[in-house]
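First the structure, in the form of structure tokens, and then the observations on it.
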Amino acid sequence: MEYDVAIIGAGPAGIQAAIHASRKKVSVVVLGKLTASAMSGTHIENYFGIPGTSDGDSILKAGKEQAESFGCVFMEKNIISAHPDNGDFIILTEDDEEITAKSIILATGISRKKLNVPGEKELFGKGVSYCTVCDCNFYKGKTAVIVGNETEAAVSAELMTKYASKTYWVSDDMQASDTVYRKALDAGAEFISSKIREIKGGDRVSSVLLENGSEIETDGVFIELGAKSSVDIAMDLDVMPEMDDTVKVDRECKTEAPGVFACGDITGKPWQIAKAVGEGAIAGLSAAEYVKGRK
């Protein structure tokens, strides 16, 4: 499928970008799950025009409906990859659907979810990693454990089988699409239905203790909770993140890569809804103007 503007992320920044871009009469698709937004499940205070507190999910739903009224298409899917292609961009979703776009807006947020189990913090950088793509090369011929229940864990498990001698994938609540789940298993990853209770080790990770009582000896633990991270997506698009995993933009929300814009938490503090929707408006308008300039 082909669109003028593809927005990755369905939080307040992404939805606001969709509203403004769609109103400029360009075709727009939003990729991502509203429930994955940091705004989902929260109560919102101190936001313009909303006295007291309001339900974050209700605001997201209303914004989605508003964007759809202007012709925006929402696909509640995670993405596996996004890369430049002869001036356009090719995006692959978790169910192998390919989308072509003339411009991309990154509105993914930046948070890397943590397990919050004993040993995770102490062994970070000593065998605990939050980026399989970054660190897989260090595990050639070794044993690795991938932890997570969505797209990124599935893709990471498949990738790690190309490096590690043994790859375990641990999750007790599988939400990844059947397509990426099967790819990981067909590549040789061994799936274990359980939760991680503890990550053990001294100078390095040595094993993981599961809630089912078993223990797996391993050289590394890769925590990949949720969808593809903002850092990975940015690098796929030839945008180099800052040291704090944010993306640098100018006043028009342009990144260093032509046709790639960014807005919301991914561009840095303050992490507030007001800032997210403000940048979303700018990014949506800028991406629409960029596309029209190409026609």
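The values are calculated or read from the model by the stated rules, or taken from the named source; none is laboratory data. In this text the structure is predicted, and so the values were computed from the model without any measurement. Using ideal geometry, Cβ is built from the backbone for each residue, glycine included, and neighbour counts are taken over all protein chains shown. We work out accessible area using only protein heavy atoms, side chains counted, and drop any ligands, DNA or RNA first. Shrake-Rupley method; radii C 1.70, N 1.55, O 1.52, S 1.80 Å.
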Item to complete: Being surrounded by 16 or more Cβ atoms within 10 Å (Cβ to Cβ) and among the aliphatic types (A, V, I, L, M) is the filter; apply it to region 39-72 and report the residue that is nearest to ALA276 (Cα to Cα).
Response: MET39
Worksheet item: Looking at region 24-33, which of the residues that are among the β-branched types (Val, Ile, Thr) and under 21 Å from SER177 (Cα atoms) is surrounded by the fewest Cβ atoms within 10 Å (Cβ to Cβ)?
Response: VAL29
Worksheet item: Listed residues GLU256, GLU242, GLU252, GLU289; which is part of a loop (DSSP other than H, G, I, E, B), open to solvent by 80 Å² or more (accessible area, probe 1.4 Å), closer than 23 Å to ALA67 by Cα and acidic (Asp, Glu)?
Response: GLU252
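Output the residue which, of all residues in region 125-142 that are open to solvent by less than 30 Å² (accessible area, probe 1.4 Å) and over 17 Å from the mean Cα position of the chain (by Cα), is nearest to ILE223 (Cα to Cα). Show your work before the answer.
Applying the first criterion (open to solvent by less than 30 Å² (accessible area, probe 1.4 Å)) to region 125-142 yields 127-132, 136, 139.
This time we only want the ones that are over 17 Å from the mean Cα position of the chain (by Cα), so: 127-128, 136, 139.
Numbers: GLY127: 11, VAL128: 7, CYS136: 12, TYR139: 15 Å.
It comes out as VAL128.
Test ALA36 against the stated conditions and say whether it is open to solvent by 30 Å² or more (accessible area, probe 1.4 Å), of a type in the set (A, V, I, L, M) and either touching a residue at least 60 places away in the same chain (Cβ under 8 Å) or under 22 Å from ALA283 (Cβ atoms) (or both).
So ALA36 fits the description; yes.
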Discussion item. Out of everything in region 79-121 that is among the hydroxyl-bearing types (Ser, Thr, Tyr) and within 25 Å of SER177 (Cβ to Cβ), what residue ends up being surrounded by the most Cβ atoms within 10 Å (Cβ to Cβ)?
Written reply: THR108
Worksheet, complete the sentence: Residue hits (region 49-81; part of a strand (DSSP E or B) and either among the polar types (S, T, N, Q) or out of contact with any Leu (no Cβ under 6 Å at 6 or more places or on another chain) (or both)) are ILE50, PRO51, GLY52, THR53, SER54, ASP55, VAL73, PHE74, SER81
Item to complete: Take PHE191 and decide whether it is open to solvent by 50 Å² or more (accessible area, probe 1.4 Å), closer than 28 Å to PRO241 by Cα and among the hydrophobic types (A, V, I, L, M, F, W, C).
Response: no
Worksheet item: Hey, ALA227 hits all of (1) in contact with a helix residue (DSSP H, G or I) (Cβ under 6 Å, 6 or more places away or on another chain); (2) modelled with pLDDT under 95; (3) more than 29 Å from ASP4 (Cβ to Cβ) but one; which does it fall short on?
Response: (3)
Worksheet item: Somewhere in region 235-242, is a residue touching a helix residue (DSSP H, G or I) at 6+ places or on another chain (Cβ under 6 Å), modelled with pLDDT of 95 or more and of a type outside the set (Val, Ile, Thr)?
Response: no
Item to complete: Only residues in region 277-295 that are more than 17 Å from GLY109 (Cβ to Cβ) count as the first member; pair them with residues that are hydroxyl-bearing (Ser, Thr, Tyr) and open to solvent by less than 30 Å² (accessible area, probe 1.4 Å), Cβ under 7 angstrom, at least 6 apart or cross-chain, and list the lot.
Response: ALA287/SER103; TYR290/SER103; VAL291/SER103
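Check whether at least one residue in region 216-231 is part of a helix (DSSP H, G or I) and open to solvent by less than 20 Å² (accessible area, probe 1.4 Å), and report yes or no. Steps first, answer last, please.
Here is the first cut: in region 216-231, the residues part of a helix (DSSP H, G or I) are 230-231.
After this cut, where a residue has to be open to solvent by less than 20 Å² (accessible area, probe 1.4 Å) as well, the list is 230-231.
The answer is yes, given that some residue of region 216-231 is part of a helix (DSSP H, G or I) and open to solvent by less than 20 Å² (accessible area, probe 1.4 Å).
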Worksheet item: In region 22-41, which residues are of a type in the set (Ser, Thr, Tyr) and within 18 Å of LEU225 (Cβ to Cβ)?
Response: THR35, SER37, SER40
Response to the item:
Output for Cβ contacts, cut-off 6 Å, separation at least six or different chains, first residue among the aliphatic types (A, V, I, L, M) in region 246-257, second part of a loop (DSSP other than H, G, I, E, B), reads VAL247/VAL239; VAL247/PRO241; VAL247/THR255; VAL249/THR255; ALA257/LEU237; ALA257/ASP238; ALA257/VAL239
